[in-house]
1. Of L317, F110, S222, which is farthest on the positive side of the dipole of the chain, counting Cα position, with +1 on Lys and Arg Cβ, -1 on Asp and Glu Cβ, and the Cα centre as origin?
2. Below 8 Å between Cα atoms, with a sequence gap of 6+, how large is the relative contact order for the range 171-282 in percent?
3. Report the charge-dipole magnitude of the chain in Debye, nearest 20, computed about the Cα centre from +1 at each Lys and Arg Cβ and -1 at each Asp and Glu Cβ.
4. Counting only residues 5 or more places away or on other chains, whose amide H sits under 5 Å from the amide H of V197 once H atoms are built in the peptide plane?
5. On a 1.4 Å probe surface of the protein chains, which of S66, S201 comes out largest in accessible area, and what is the full order?
6. Order the following by accessible area, largest value first: C73, C301. Probe radius 1.4 Å; ligands, DNA and RNA are ignored.
7. Round to the nearest 10 and report in Å² the accessible area of T304, as given by a 1.4 Å probe over the protein chains' heavy atoms.
8. With all protein chains present, calculate the accessible area of D87 using a 1.4 Å probe and round the result to the nearest 10 Å².
Amino acid sequence: MTVRPTSEALHERVRAFVEGILRGAPPEPFDDLALALARFQAAHVPALGRLVRARGIDLASARDTSVIPALPCDVFRLARIAAHAPDEDMRVFRTSGTSQGKEARGEHPFRTTATYELVALRWGERMLWPDRQNLGVLVLAPSVDEVADSSLGFMLDLFARKLRGPASFHVREGVLDIEGVARAAAEARTSGKPVLVLGASFAFVHLLDGAGSKDLALPPGSRVMQTGGFKGRSREVEPTELRRAIASVFGVPEAHVVGEYGMTELSSQLYEGTLAAALGARTPTRHGVYVAPPWMRVTACDPTTLAPLSPGETGILRFVDLANVDSSVAIQTSDLGRVTDEGVELFGRAPGATPRGCSLAIDEVLSRGSS
């Protein structure tokens, strides 16, 4: 008799996989666990079940992740993507606002954040602070108390609580406190304690615009994580120039300025490997190449057919994220990129409308046809 997996049992399997693979001994194959998640989700997430039926996919006999249908990110704006009832939500992360208004924001409900917290901390430690466990934390973003539905805010708060140095948040009610950043930098110089600076790309832009002659230099060993795109409401910023300016204003090597890629619809994050490489890890040494954690697989897909492309070809990125236990293990984005042996390179959003393959998938998801 086959025993159907429960949500908690799958969370435990994923957490065991993460801990095991970081020690070099995963307890089960990636594909087996991903397929177990997909079967559970197809049975309990109505939108995913419709997609599976529309495409005539037989998950029961599948043997690898290529057959798992990926939910386009836009679906999170149009339907509830969760294997549990709303009254079981521990937390709901929402995407930032769009031109269509607050109602169009995507939502990613979590029955538990334990798995999210584990993967965020394990990979954050590997890519941002592998050399020390005691750093000051300076955050150019609102605290999670102010923006409770922000996945980025939740992650930054996790990092601040994990590291044992002083932490300070410097965006309040949408205003960047540049004087507060300067005071925090001065306190760090006095103590000599290195600092991890965390923030969105355009928070750094506003800091650079308003810092003037303020001394924001940080002690040796400090590092910076920036996330988000480089195209803001006011202007577009060239990534290389911004990174160079951030390194200069904080007095850190450019290799210590690390890009992060994540999204509300995922539970795991990718990082540039420059800092880890500078500290001795075998990760990419050039900016613009992102490293996915070993519990995630990234594939570039054809925008029209969603078929996987060969390594090195540019397409829209598909993620299989084992930490997405109670939503969809496979996510299809409209972000352009390519995947090589070195890592994942990102080229921004696909131009124009939602790629045809994603549009067809959305139509299949929302179809109310026979089940």
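1. The Cα lying farthest towards the positive end belongs to S222.
2. Dividing the mean separation by the residue count of the range 171-282 yields 22 percent.
3. On the way: 41 positive and 44 negative charges, 26 e Å.
Roughly 120 debye, rounded to the nearest 20.
4. L138, R223, V224, M225
5. Working: S66 85, S201 0 Å².
Accessible-area ranking of S66, S201, largest first: S66, S201.
6. Largest accessible area first, the list is C73, C301.
7. Accessible area, nearest 10 Å²: 80 Å².
8. For D87, the solvent-accessible surface is approximately 140 Å².
The values are calculated or read from the model by the stated rules, or taken from the named source; none is laboratory data. These numbers were taken from a predicted model, which means no experiment stands behind them. Glycine also receives a Cβ, built like all others from the backbone with ideal geometry; neighbour counts cover every protein chain displayed. Note: areas computed on protein heavy atoms with side chains; ligands, DNA, RNA excluded. Shrake-Rupley method; radii C 1.70, N 1.55, O 1.52, S 1.80 Å.
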